[in-house]
Amino acid sequence: MGRQITGLIEPVAIGGGNRSYSYPTHDREYTEEIMLYVNRADFTFIPAVGHTLKINKKAYVVVAPPADLEGILEIRLGGNSNP
């Protein structure tokens with residue numbers, strides 16, 4: 001079981017309509033994307049591309065290497081609107 005961490009979630013628009021997309025570093029397609037901003041100190045590790053994070057009881061996959069923005073992790077996640 002994981003830990004609860006407080007963060008900010010920002011939806012990312014996927015170019016027009018309800019289209020799916022995929023990333024060259026991952027073999028799955030996603031219908032939605034979010035950016036997660038969390039305090040770097042809250043993580044004991046930086047999640048790698050392909051790592052799954054559960055947010056509000058929904059699974060998301062890290063689709064790009066996280067960026068450390070002066071102590072805040074910016075993590076791009078992909079998920080599906082319909083499980």
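The loop-placed trypsin sites (Lys or Arg not before Pro) in segment 47-83, going by DSSP, that have at most 12 neighbouring Cβ atoms within 10 Å of their Cβ come out as 57. Under a model in which nothing but the beta-carbon of Lys, Arg (+1) and Asp, Glu (-1) is charged, segment 27-82 shows a dipole of about 260 debye around its Cα centre. Between residue 58 and residue 5, the distance separating the two model label sites (each 7 Å from Cα on the Cα→Cβ line) works out to 1.9 nm.
Just so you know, all these numbers are worked out from the coordinates, no wet-lab data involved. Nothing here was measured: the structure is a model prediction, and the numbers come from that model. When we count neighbours, we look across all protein chains shown, and the Cβ atoms used for this are built from the backbone with ideal geometry, even at glycine.
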